[in-house]
1. Find the accessible area per residue for the range 38-113; the probe is 1.4 Å, ligands and nucleic acids are left out, and the unit is Å².
2. I need the per residue convex hull volume for the range 25-69, using only the alpha carbons, in cubic angstrom as a whole number.
3. If I compute solvent accessible area with a 1.4 Å probe over the protein chains, what percent of it on the range 25-99 is carbon and sulfur?
4. Given a 1.4 Å probe and the protein chains all in place, what does the accessible area of E88 round to, in Å² to the nearest 10?
Amino acid sequence: MHIRQCASITTGLLMLAVTAAHAQTNDPTLKGVWSAERYVLREGPTHEVAGRIFFTEREWTVLFFVIGDDGEPRRGSAEGGTYTLRNERLVFSHLFHLSRGDEMPGLAASPLRMTVTPAAEAATEPSTIEVLGNRLTIFFPSGNSLEFRRVE
């Protein structure tokens, strides 16, 4: 084997290793827009939800409504901030929060809340995810989960 061939193979392997390391710390399958569909509570109730979650390289934003049995929105939340992702471990940093909600099965009433938090003081929320095809489920520390479908 020639020195030039060895150098080419070594360079190719190095590039492959760097790409694999990057994929482990920044999973590109999460980036994009996902449509909210279902809110599953740890205690058992499941609620229909409508809205979107957006992931860029490092930022996230969500807007969703929990829908009542009458088809009307009963609760709403708009949140955003930064995130990190390593394999299936997703950690949200909450910089912005706007929410309000009526009481629903498994959910207490929630007064209007509006906060803007400096990055250095932002609360974090270590969660896990499962991505199966065009489906995303986020499992929160509370035991609740949100299910999404990728928007094409």
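1. Values: 4380 Å² over 76 residues.
On a per-residue basis, the range 38-113 sits at 58 Å².
2. That works out to 86 Å³ per residue.
3. Summing carbon and sulfur atoms, their accessible area is 53 percent of the total for the range 25-99.
4. Answer for E88: close to 110 Å² accessible.
The values are calculated or read from the model by the stated rules, or taken from the named source; none is laboratory data. Given the structure is predicted, the values throughout are model-derived calculations rather than measurements. The area values use the complete protein model at the heavy-atom level, side chains included, leaving out ligands, DNA and RNA. Shrake-Rupley method; radii C 1.70, N 1.55, O 1.52, S 1.80 Å.
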